Amino acid sequence: MTVLVTGARGNVGRAVLDALVTAGQDVRAASRDVTTLDVGVAKVSADLEDPSTLDAALEGVSSVFLYTRPQGIEGFVKAAEAAGVRHVVLLSSGATLEPRSAQSRVARLHRAVEEALIAAPFAETLLNPGSFATNTLGWRADIAEGVVRTPYPDSRVGAIHERDIGDVAAKILADGSHAGEALQLSGPEPISFREQAAILADVLGRPLRVEELTPEQAAGRMAALGWPPEVPPEILRAMERTTREASVVTDVVRDVTGHAPRTFRQWAEDHRADFS
Ligand SMILES: NC(=O)c1ccc[n+]([C@@H]2O[C@H](COP(=O)([O-])OP(=O)(O)OC[C@H]3O[C@@H](n4cnc5c(N)ncnc54)[C@H](OP(=O)(O)O)[C@@H]3O)[C@@H](O)[C@H]2O)c1
């Protein structure tokens, strides 16, 4: 019963790996660069966009935690089937559950991978989280200046801790439950960016001023980070919408793991060092 965790250097991948190790599972950690992967379990090189790397990574594996990479998904499905994989848990996105998902590039990319797994001969579980608490790591440079710059500061999202996604994925990978299901994951409550900034200020012990960016300024920043041009307008539309209606909050983390989802304050405390 070996579990392969792809993207083990990622925030969620690492949380899945840690939860599986804590549960005593036999785990193999995969990354495109294992030289920078500091884990106490077996490591293997794997690039989901290069299927030739997958046979060795999947040998003897019964279940997989998978990041969404549409390029190469067909090769992954073939290699997983050949290796006798029984269950794949996909980190997808809540974007695929939105009513206008057909118009969303982010949703379409995730949906393509979901559909490839649904059509595959092994079982799949789709994890569809909303906004990650780790998105606020993008504020680090501004926080160093004592400010949080964001469009729509009163947008309310169900910010989820990566360890809650990790706990859900690990439970399902370990016991094979929730096959054929799509699970909409969230943190415990809708919380605005302004409230997140106030909690970070409190936890970090220094004042943080909130400066509202216009949508144009925010789109410019995303473009400078190299985001594809269609994506900033989608994200800004979603942020505007959640100023009027809070993002969906669900009980799935508690239902699957038996524990309450962690609050944004817990996340900030866990990540204090990332802002110093
Ligand atoms: N941010 C949000 O609010 C949000 C909301 C819903 C869903 N999501 C989903 O969550 C994902 C981000 O998760 P995260 O925060 O854990 O990201 P992260 O910390 O940026 O890590 C991304 C991971 O993707 C892996 N990866 C990238 N290209 C790969 C490839 N070709 N082959 C294998 N692995 C590859 C990387 O693996 P290595 O570097 O180790 O090879 C890395 O570990 C998004 O891509 C999206 O699908 C995000």
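Bear in mind that the values in this text are calculations on the coordinates, not laboratory data. Source: prediction; values computed, not measured. Here the Cβ is made from the backbone with ideal geometry for all residues, glycine too, and neighbour counts use every protein chain on show.
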- Formal net charge of residues neighbouring residue 101 (Cβ-Cβ distance under 9 Å; K, R +1; D, E -1): +2
- Message: Under 8 Å for C-alpha pairs, at least 6 residues apart: give me the relative contact order for segment 17-60, rounded to a whole percent.
- Response: 27
- Query: Got a sec? How would 1, 239, 222 order by Cβ neighbour count within 10 Å, fewest to most?
  - Reply: 1, 222, 239
- Item | Helical contribution to [θ] at 222 nm, DSSP H n ≥ 4, -39,500 (n - 2.57), averaged over the chain, rounded to 500 | -11500 deg cm²/dmol
- Work out how much length residue 237 to residue 194 would gain on full extension: take 0.36 nm times their residue separation and subtract the Cα-Cα distance, in nm to one decimal. 13.7 nm
- Message: I need the phi-derived Karplus couplings for segment 250-266: 6.51 cos²θ - 1.76 cosθ + 1.60, θ = phi - 60°, integer Hz, Gly and Pro marked x.
- Response: 10, 9, 5, 4, 5, 4, 7, 9, x, 10, 5, x, 5, 7, 5, 4, 4
- So the angle from the long Cα axis of helix 162-175 to the longest Cα principal axis of the chain, reported in degrees to the nearest 10, equals 20
- Item | segment 10-74: GluC sites (Glu not before Pro) falling in loop per DSSP and having at most 14 other Cβ within 10 Å | 49
- Query: Using 7 Å Cα-to-Cβ label points, what is the residue 105/residue 204 separation (nm, one decimal)?
  - Reply: 3.0
- Item | Angle between the chain longest axis and helix 193-204 axis [Cα atoms, degrees, rounded to 10] | 90
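Would you mind ranking 87, 110 so that the residue whose beta carbon has the fewest other beta carbons within 10 Å leads the list? Provide the component values of the computation, followed by the final result.
Details: 87 20, 110 24.
Ranking 87, 110 by Cβ neighbours within 10 Å, fewest first, gives 87, 110.
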- Task: Within the set of other residues whose C-beta is less than 15 Å from the C-beta of residue 258, count the net charge using Lys and Arg as +1 and Asp and Glu as -1.
- Result: -1
- Distant-in-sequence amide H partners of residue 152 (H built 1.01 Å from N, under 5 Å): 213
- Query: What is the extension gain from residue 265 to residue 119, computed as 0.36 nm multiplied by their sequence separation minus the C-alpha to C-alpha distance, in nm to one decimal?
  - Reply: 48.6 nm
- Message: For 78, 43, which order do you get if you count the other beta carbons within 10 Å of each Cβ and list the fewest first?
- Response: 78, 43
